[in-house]
Amino acid sequence: MRKLDLTLLPLLCIIYLLSYLDRSNIGNAKLGGLETDLNMSHLEYQWALSIFFFGYVIFELPSNIVLRRWRASKWIAILMFCWGVVAVSMVGIQSFAGLAICRFLLGAFEAGLFPAYGISQIKGSLAEWQYIFLIEGLPTVVLAILCWFFLPDSPETAKFLNKNERAYEINRLATDAGAANDHSWSWAQVGSVFKDWKTYAYMVIYITGTIALQGVTLFLPSIVNGLGHWSTVKSQLMTVPPYAVAFFATIFLCISSDHFVERSLHMVFVNLVTICGFLLLILVNDELVGVHYFGAILITAGVYANVSVKIAWFNNNFGGLTRRAVASAAIVSVGTIGGAIGGQIYYDPPKYLGGNIIAVSCVGIQTVLVILLRVIFTRENRRRANLTEEQKEKEVARHGGIELCGDRHPDFSYTL
């Protein structure tokens, strides 16, 4: 429904923007003197990047369980307020230990869900990197307070919808949940997710994608800085075009994917674009700075466009509200381990050849897995289409009945 989209999407986009801003601005802070001021080694900086994802992995599933069983608007507002406070408090860190603690807490609070150039030009009593943390953390705290009052929990509580619109949205969400339109909660439903092979297949797909994504996100300012003998200011500015292209690429890919109701081939396409970008960085002569920069743009566009389609795909293929919520949390939490790995692979500045080779290998592995999963789903859809009613009833019983069946219901068709 357009009314729902126009009301919720702007707020949710801002929330997600602030989340990514607060977790990734450490890459810009590095160019602003963070390592030097805190007397950190490059290895310590890498661990400061990775420890965020340990907090994320540990708290992702518990946070999503709370989100499923409590009021979503209040829980999201609390998480936002907490991570905003942590982000702002990073202004006062004096050592690697303080930075590591803040990054861990940031990951823990963000588990429920680069405009640094202008900030770096502010002159005052604080260092450039401190202004980055301060100014990019404060909006999160303010928005958290607004979310507490204005973000609805569900269509049932959305005040901007009338009675008929609420009924329509409730019915649409129930239909979207799959063959088993079940709103109940049980530990048996939770357990069924971890007995499903798809959960682990999607975890591997998520991990390999996150290694490349987070490696690029956290080190893009440093990678761009290594392409030429540029000042810190110019290096910060040169990270803007890759993200601008990534923004439009993501929008275009999502529109196309939804229009054709297809995920896997879209992922394969953007992965091939990403691989081309990495190959330009790895194989092309270092003197061709423009070609390398174009490669960085292709990589950034590819890894970011991949995320939305990937998340939509595994959500499409888990039926039942509880199974979908638990599967999503489990896949994202375990898959986020890739972020911790991504923070470690870029160890050889300024060209980061080793990191680029590892990242492109992960993208290649993910591409193979996506194609394999598409083949499996295609065959399973054909098999289910040929079942008799008696065979369908037996399959439902084998999976524990309608409540536990979810996407394993024979009437459920997997999204390719």
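Taken together, the values in this text are just the output of simple stated rules run on the coordinates, not laboratory data. The model shown is predicted, which means the values in this text are computed figures rather than measured ones. Glycine also receives a Cβ, built like all others from the backbone with ideal geometry; neighbour counts cover every protein chain displayed.
Structure values in brief
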read-out	value
Summed residue charge, Cβ within 15 Å of I357's Cβ, Lys/Arg positive, Asp/Glu negative	0
Tensor-based shape of the range 201-328 (alpha-carbon gyration tensor, a/c under 1.5 rounded, otherwise prolate or oblate)	prolate
Local electrostatic count, T336, Cβ distance below 15 Å [Lys/Arg +1, Asp/Glu -1]	+1
Mean separation of Cα contacts under 8 Å (6+ apart) over length of the range 187-415, as relative contact order %	33
Net charge over other residues, Cβ less than 14 angstrom from the Cβ of S308 (K, R count +1; D, E count -1)	0
Viscosity 1.567 mPa s, temperature 4 °C, Stokes-Einstein D of the range 326-410 from Kirkwood C-alpha radius, µm²/s	79
Three semi-axes of the equivalent ellipsoid, the range 187-415, Cα gyration tensor, whole Å, largest first	40, 17, 14
Cross-link pairs K195/K394; K195/K310; K198/K351 - those with Cα-Cα distance over 30 Å	K198/K351
Inter-part distance where the range 378-416 and the range 300-346 are each reduced to a Cα centre, Å	25
Taking I297, I205 and counting other C-beta atoms within 10 Å, the order from fewest to most	I297, I205
